[in-house]
2 protein chains.
Amino acid sequence: MGDVSVAKNWRLPVMGDVARLAGVSHMTVSRVLNEPDSVRPETRERVLLAIEQLGYRRNSAARSLVTRRSQTLGVVCFDTTHHGPASMLNGIVHATEEAGYAVSVASLRRLTADAATQAVQRLVHQSVEGLVLIAPQAVEAMAFVRALPTTLAVVAVENALPTVTSVSVDQVLGARLATEHLLSLGHETVHHVRGPADWSEANGRVEGWMTALEANGRPVPRELAGDWSAASGYAAGRKLARDPRVTAVFAANDSMALGVLRALLEAGVRVPEDVSVVGFDDFPEAAYVTPPLTTVSQPFREVGRQSIEILLGEVEGGAARGASAVIPPELVVRASTAARRR
Amino acid sequence: MGDVSVAKNWRLPVMGDVARLAGVSHMTVSRVLNEPDSVRPETRERVLLAIEQLGYRRNSAARSLVTRRSQTLGVVCFDTTHHGPASMLNGIVHATEEAGYAVSVASLRRLTADAATQAVQRLVHQSVEGLVLIAPQAVEAMAFVRALPTTLAVVAVENALPTVTSVSVDQVLGARLATEHLLSLGHETVHHVRGPADWSEANGRVEGWMTALEANGRPVPRELAGDWSAASGYAAGRKLARDPRVTAVFAANDSMALGVLRALLEAGVRVPEDVSVVGFDDFPEAAYVTPPLTTVSQPFREVGRQSIEILLGEVEGGAARGASAVIPPELVVRASTAARRR
DNA sequence: GCTGCCTCTGATAGCGCTAACATACCATCC
DNA sequence: GGATGGTATGTTAGCGCTATCAGAGGCAGC
């Protein structure tokens, strides 16, 4: 590590400084850094020593100016304070770093086409080489994707945009697992508290739930609308609690499931004795709520990993669009579900 | 918006292209972009029109190469899948974007000096102009901060590093509020489930709790160790449940509080009738767990905003180190606490 | 010994932008 | 009318790197 103490007008060492110290030309330094094998071992050692002594690091701006590569990926996301999106972002950041790329994050404040376009523009302007979209599929809001430079590699997460490669958890399967689990416990049918209609996750879960009911010839009750929040789950739960025919509820995420649990409890409905409840996400506290929540676990890390893998395939491999990936979730059975008794 | 359809070997428009189209020199284009008032309105309009027609955007690499400014801030964080860190990151990203800077994120995989140094190096290498550290204060692991280029502006969040400006929530105050709330309900003393010792948040909360007990002349029970997870809270809760003298518990975060709740419930201890429990964080589900959790709400957004404000003050204002800020949290009373009865 | 052909290193020219200075032009003043 | 000055624009020289080609040196072959 070079000398870090610093005079007022210090200049970071540049390639020329290293070259002078090593007694070579700056081109040789560049070669040591870019294609070490093309330099005689002896020379290479001298250069590496000089680099070490000066604490030299290449200037990335200069480098990307000439190579036209920024070694940066952009992530567009929305509200990452909740467990699902946060984990997804986390997975993506880790995978990106592992691949030696930097991550630039743009977070949408509102789900409008305008906000999305601006975010993408900002990232494009930063010369990102690829883009990960974790924002929900407000179809209209996402039309902007067509305005993207066609050279830019894009992967959408949980977002089946027609023209874009996507990586997603198999929401339909997850919902089927949840619903079938409840049916297998002897429940006549399953009620559903759904997520917002402009999230494809929400729609996938509705689809899986319906499919499972229909495949088993069960009546499909009217779904209740939620907005992912525990408060909306609570509101839905109050309605469900009033209907004595309800014995099984599948909430589209754990927060809403928690709200349902709360509402049922307050109404004197016992879980799982009277009503069974299943969530979705398997957030870290799911095993410790009362009662411990049966839910569907999403492999967020894996989604992050695969998105980046595909994205970098496009970035480095050329224009070819990678194949979309779908990753299966898993049902985790805990204590909020039981055989029908009511 | 210029023509986006693209031939195979398209070259993005550069300043010279705009200049040619507008019939000026590239310097005038640069001026229109950087100091519009120095250009005659008539000329300016011509240039702006040309920019629009070509869909021109300045090349940020070239720009930052010559200005030595990247308009990018770096964030070092650790495990942002939980509500607290995720919200903090979110607040910081929003504030940074609002200020017109890009955000580059580096996420630590492990809390070691090595990982931290590498993360910082990566960001420095990306020429970030300032650094926000949201990583916990593993004092030893953070020694690397001294190795930072002294020219780099740094703000630590929740991390009282001696030589670095910091922004934090007043953990001591929050813990005092929680503890005093419990004492005011008639509890003789309050037991504490603490967070890991290498997190300054955890230590601040221990301090506030102790201070409150001592100020009121109460015995200070031995604290129980936790690791922020609900599982560790559960383990602590089982111990607490065995001790009939325990009537009030302050857990250092909501997850652990949830674990405590669960353990007490399983042991047949009623909350809040037999034992009162307070958490910390006010995570979004806190109002819907059973019973709704009394907790301390942290102003994450505000912390993000202030960190960036201070950081940009340093970045743009020169070398002067900004004053550290401490933001007060608030007690939110719900149903997990009640007057002593046991 | 000269040619040919490797391997390694150096000189040079940009990448696209801004900083700094140069110039043209017009208005102003004595 | 020429010196003065202010304003709008142009010219030039880099920022720190990589790409490209040129050159130096070594070694084989005839």
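The values are calculated or read from the model by the stated rules, or taken from the named source; none is laboratory data. Treat the numbers as computed from the prediction; the structure is a model and nothing was measured. FYI the Cβ positions are ideal-geometry reconstructions off the backbone, even for glycines, and counts take in every protein chain you see. Ligands, DNA and RNA are excluded from the accessible area calculation, which covers all protein heavy atoms including side chains. Shrake-Rupley method; radii C 1.70, N 1.55, O 1.52, S 1.80 Å.
Filtering the range B:109-122 to residues that are facing chain A (nearest Cβ under 10 Å) and crowded, with 23+ Cβ neighbours inside 10 Å leaves only B:119.
Just one of the numbered conditions (1) among the aliphatic types (A, V, I, L, M); (2) within 19 Å of the chain's Cα centre (by Cα); (3) within 14 Å of another protein chain (Cβ to nearest Cβ) is not true of residue A:230: (2). Only one of the listed residues (A:67, A:72) is away from DNA strand C (no atom under 13 Å from the Cβ) and of a type in the set (Val, Ile, Thr). That residue is A:72. Checking each residue in the range A:17-40 for being under 40 Å from the mean Cα position of the chain (by Cα), more than 9 Å from DNA strand C (Cβ to nearest atom) and within 15 Å of residue A:52 (Cβ to Cβ) picks out A:33, A:36. All of (1) crowded, with 16+ Cβ neighbours inside 10 Å; (2) within 14 Å of chain B (Cβ to nearest Cβ); (3) farther than 21 Å from residue B:124 by Cβ hold for residue A:74 with one exception: (3). Residues in the range A:34-53 that are within 11 Å of DNA strand D (Cβ to nearest atom) and crowded, with 19+ Cβ neighbours inside 10 Å: A:51 only.
In this structure, residue A:61 qualifies as open to solvent by less than 20 Å² (accessible area, probe 1.4 Å), at the interface with chain B (Cβ under 7 Å from one of its Cβ atoms) and under 30 Å from residue A:22 (Cα atoms). Do the conditions hold for residue B:98, that is, is it crowded, with 21+ Cβ neighbours inside 10 Å and either at positive phi or acidic (Asp, Glu) (or both)? For residue B:98, the condition - crowded, with 21+ Cβ neighbours inside 10 Å and either at positive phi or acidic (Asp, Glu) (or both) - is not met.
From the list A:217, A:204, the one residue that fits, being in contact (Cβ under 8 Å) with a residue 24 or more places away in the chain and farther than 17 Å from residue A:275 by Cβ, is A:204. Looking at the range B:44-56, can you tell me whether even one residue there is in the same structural domain as residue B:157 (by TED's automatic domain parsing), part of a helix (DSSP H, G or I) and modelled with pLDDT of 90 or more? No; the residues of the range B:44-56 include none that is in the same structural domain as residue B:157 (by TED's automatic domain parsing), part of a helix (DSSP H, G or I) and modelled with pLDDT of 90 or more. Residue A:17 meets each of the listed conditions (1) closer than 20 Å to residue B:65 by Cα; (2) not in a helix (DSSP H, G or I) apart from (2). Checked against (1) outside any loop (DSSP other than H, G, I, E, B); (2) within 12 Å of DNA strand D (Cβ to nearest atom); (3) without any contact (Cβ under 8 Å) to a residue 60 or more places away in the chain, residue A:64 passes all but condition (3).
Within the range B:256-288, the set of residues being modelled with pLDDT of 95 or more, open to solvent by less than 20 Å² (accessible area, probe 1.4 Å) and facing another protein chain (nearest Cβ under 8 Å) comprises B:258, B:259, B:261.
Taking the range A:81-107 as the range and being more than 14 Å from the chain's Cα centre (by Cα) and within 7 Å of chain B (Cβ to nearest Cβ) as the test, the residues that pass are A:97, A:102, A:104.
Residues that are more than 14 Å from the chain's Cα centre (by Cα): list the strands (runs of 3 or more DSSP E) wholly contained in the range A:151-195 that include at least 3 such residues. Break it down into steps so the answer makes sense when it comes.
Details: elements: A:153-157, A:165-169, A:191-194.
In the range A:151-195, the matching strands (runs of 3 or more DSSP E) lie at A:191-194.
The criterion of at least 2 residues that are in contact with a strand residue (DSSP E or B) (Cβ under 6 Å, 6 or more places away or on another chain) and among the hydroxyl-bearing types (Ser, Thr, Tyr) is met by the following strands (runs of 3 or more DSSP E) wholly inside the range A:214-301: A:295-297. Within the range A:37-50, residues that are free of Cβ contacts under 8 Å to residues at least 40 places away in the same chain reach partners that are open to solvent by 70 Å² or more (accessible area, probe 1.4 Å) with beta carbons closer than 8 Å, at six or more positions or on different chains, in the pairs A:38/A:31; A:39/A:31; A:50/A:21. Of the listed requirements (1) β-branched (Val, Ile, Thr); (2) open to solvent by less than 50 Å² (accessible area, probe 1.4 Å); (3) within 11 Å of another protein chain (Cβ to nearest Cβ), residue B:67 misses just one: (2).
Does the range A:85-136 hold any residues that are within 20 Å of residue A:308 (Cβ to Cβ) and among the hydroxyl-bearing types (Ser, Thr, Tyr), and which are they? A:87, A:96, A:101, A:104, A:107, A:127, listed by residue number.
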